[in-house]
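Student: Structure incoming, see below.
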Amino acid sequence: MRGGEDGPGAHTGAPSTVQEVLMDLTPRPARPAHRRGLRLTALASGAVLLSLTAGALPAQAVPVAPARPAAVESTAGQGLDHKALRESLDAIRQAGMYGTYSAVRDGSAQWRGAAGVADLATGRPVRPRSEHRVGSITKTFTAVAVLQEVAAGRIELDAPIGRYLPDLVPGEHGRTITVRMLLNHTSGLGDHVLGAFPGLLEDPGKALDARRFHRFAPEELVRLGLEAPAAAPRGTYAYSNTNYVLAGLLLREVTGQQPERYITRNVIRKAGLRHTYFPRTPFLTGRHAKMYESMYGLIEPARDYSVYDMSWCGPAGSLVSTVDDLNSFYRQLLSGRLLRPAELAAMKTTVPTYEAPAGEEVAMRYGLGLYTLKMPDGRWYWGHDGGVFGAGTWALSTEDGRRQVAIGYNLMKYQRFDEQGNLQSHPIDEAMLRHVTLALGGSEAGARARSSAPAHAMPQPFAAPDSLRRPGAVPSQRQG
């Protein structure tokens, strides 16, 4: 096993232009009980969707490292503004993110950068090629695997899941939920996450610590998902991790292989990805940053969850990768190298992720493990985002896969609630959106086009059930 940077014998690597600083980990004063209650009430009501509305830096926000240039790597080529990319990535760190790394491609031209720290205790800098838990980006890989089996004739997209898993999904669910509904989140199934973490809404730190080394069986997760309340009627989009746990079990049923093994052999290796894998233990084995979870200030100081048993999400969100590998994967997928034309077309057949107000366009649509998103510059991109406890990732590409960006970051749910229990936006949100917009070829003016930025044009806070999101959230106009 390779030595991880966060374990015994870890190395710190060559000196970096990113300042190695020690963050302030001094415990903050306890909040009044009524304020904590407001935050818990808001969590329980689902008011935690990452909003893109404008707002000032909340009180007691995350500490900021002194400004230093970001570490960068690049190859020659036209179309990439290295200075703007470097400055916009470092702006994410200046806005409060602990550490972030990004890879940008335009044809053969490439740029990589990193800013901030990988470890708050030592000040070790993040690196552009770090391995990272990519959360729900795993769903794209799982969907590709299922579609490969569709192409082979072993799975039918519009067949009921009960045909394949009658004992696991019996009755009406088994008869009416199709494979396609699992992959595009229109199954009407609830999400297992809250059931897998008892007490998550009351004391998230305690709940997460209690499950750090817990090994879940996928059948247990499905049972929890079937018992969870449905977030939307069947046929309407409602994100659920349980859908992709079932997709993994479907792969196991038709191939006779564990889904992680099948995806590794038929998707990861086929794409030639050298730093993408399903971890076999709670520990990452390569160079990586620590991963800090704040849970909207309910875990203070933010706690490292880079060591975690990811069986709680399995083929829905447990993959480890790098930003370079993600760009390579999505380029190959979108250019038709991983799927036949018919299956790629099925993957890109989308449903709206929300109901737009009259006269407005839906700015985000979900396909089969892949979404398309209208960014503030008015252009549409394909990709996915992912979040686990302490780690977030976002990958977007033009439809031909030529222009791409993938970004990872190591502090999650950094936003805060106000006195009324409303989730407040954070400068990190705007800085990240600006970097991604510039990376995709948008102009500086387009990157600052706040009035057209949809609320969905940012990653989800983490791979959470809809009960941890704002019900009926729709894109909103940014003010200011």
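Student: With the full set of protein chains in place, find how many percent of the accessible area of the stretch 117-199 is carbon and sulfur; take the probe as 1.4 Å. It would help to have the intermediate numbers written out before the result.
Tutor: On the way: 1240 of 2380 Å².
C and S fraction of accessible area: 52 percent.
Student: May I ask you to list the residues of the stretch 331-366 whose amide nitrogen lies under 18 Å from a point 7 Å from Cα along the Cα→beta-carbon direction of R163?
Tutor: Those under the cut-off are 343, 346-347.
Student: At a 1.4 Å probe, what is the % contribution of carbon and sulfur to the accessible area of the stretch 249-400? Write out the running numbers ahead of the final one.
Tutor: Numbers: 2400 of 5190 Å².
Heavy-atom surface of the stretch 249-400 belonging to carbon and sulfur, 1.4 Å probe: 46 percent.
Student: Can you pull the semi-axes for the stretch 151-221, root of five times each eigenvalue of the Cα gyration tensor, sorted largest first, whole Å? Show your work: numbers first, answer last.
Tutor: Details: eigenvalues 193, 33, 26 Å².
After diagonalising the Cα gyration tensor, the semi-axes are 31, 13, 11 Å.
Student: Applying a 10 Å radius around every beta-carbon, put 379-386, 168-175 in order of their mean neighbour count, most first.
Tutor: Numbers: 379-386: 22.0, 168-175: 15.6.
In descending order of packing, they fall as 379-386, 168-175.
Student: Under a 1.4 angstrom probe, counting protein chains only, how are K270, K413 ranked by accessible area, largest first?
Tutor: Values: K270 110, K413 5 Å².
The residues order as K270, K413, largest area first.
Student: Just read off the accessible area of R154 with the full protein assembly in place, 1.4 Å probe, to the nearest 10 Å².
Tutor: 120
Student: List, in order, the whole-Hz ³J(HN,Hα) value for each residue of the stretch 282-291 obtained from phi through the Karplus relation with A = 6.51, B = -1.76, C = 1.60 and θ = phi - 60°; use x for Gly and Pro.
Tutor: Ordered by residue, 3J(HN,Hα) equals x, 9, 7, 10, x, 4, 7, 8, 5, 10 Hz.
Student: Okay, moving on. Roughly how many Å² is the accessible area per residue of the stretch 84-180, as a whole number, for a 1.4 Å probe? Can you show the working numbers first?
Tutor: On the way: 2680 Å² over 97 residues.
Accessible surface, normalised per residue, equals 28 Å².
Student: Let me ask something else. Hey, what's the stretch 265-393 come to in accessible area per residue, 1.4 Å probe, Å²? Don't skip to the end; give the middle numbers.
Tutor: Working: 4220 Å² over 129 residues.
It amounts to 33 Å² per residue over the stretch 265-393.
Student: Further question: Which translational diffusion coefficient, to the nearest whole µm²/s, is obtained for the stretch 250-391 from the Stokes-Einstein equation, given a Kirkwood hydrodynamic radius over C-alpha pairs, 4 °C and 1.567 mPa s? Write down the numbers at each step before the final one.
Tutor: Working: Rh = 17.6 Å.
Rounded, D is 74 µm²/s.
Student: To continue, here is another question. Mean separation of Cα pairs under 8 Å and 6+ residues apart, divided by the residue count of the stretch 291-436: what relative contact order is that in percent?
Tutor: Numbers: 222 pairs, mean separation 36.8, N = 146.
With pairs under 8 Å counted, the relative contact order is 25 percent.
Student: Kindly report, to the nearest 10 Å², the accessible surface of M364 as traced by a 1.4 Å probe over protein heavy atoms only.
Tutor: Looks like 10 Å² after rounding.
Student: Could you please report the charge total around K374, scoring K, R as +1 and D, E as -1 over all other residues with beta-carbon less than 12 angstrom from its beta-carbon? Don't skip to the end; give the middle numbers.
Tutor: Details: positive: R365, R379; negative: E360, E361, D377.
Result for the neighbourhood of K374: -1.
Student: Is the stretch 77-146 rounded, prolate or oblate when judged by the Cα gyration tensor, a ≥ b ≥ c being the square roots of its eigenvalues, rounded requiring a/c under 1.5 and prolate requiring a/b larger than b/c?
Tutor: oblate
Student: Right, next: Subtracting the Cα-Cα distance from 0.36 nm times the residue separation, let me have the gained length for R280 to E355 in nm, one decimal. Intermediate values should be presented prior to the final figure.
Tutor: Values: separation 75, 0.36 × 75 = 27.00 nm, distance 3.99 nm.
This chain segment gains 23.0 nm when fully extended.
The values are calculated or read from the model by the stated rules, or taken from the named source; none is laboratory data. Treat the numbers as computed from the prediction; the structure is a model and nothing was measured. Neighbour counts are summed over all protein chains in view; Cβ atoms, including those assigned to glycine, are modelled from backbone coordinates with ideal geometry. Quick note on the areas: whole protein, heavy atoms, side chains included, nothing else; ligands and nucleic acids left out. Shrake-Rupley method; radii C 1.70, N 1.55, O 1.52, S 1.80 Å.
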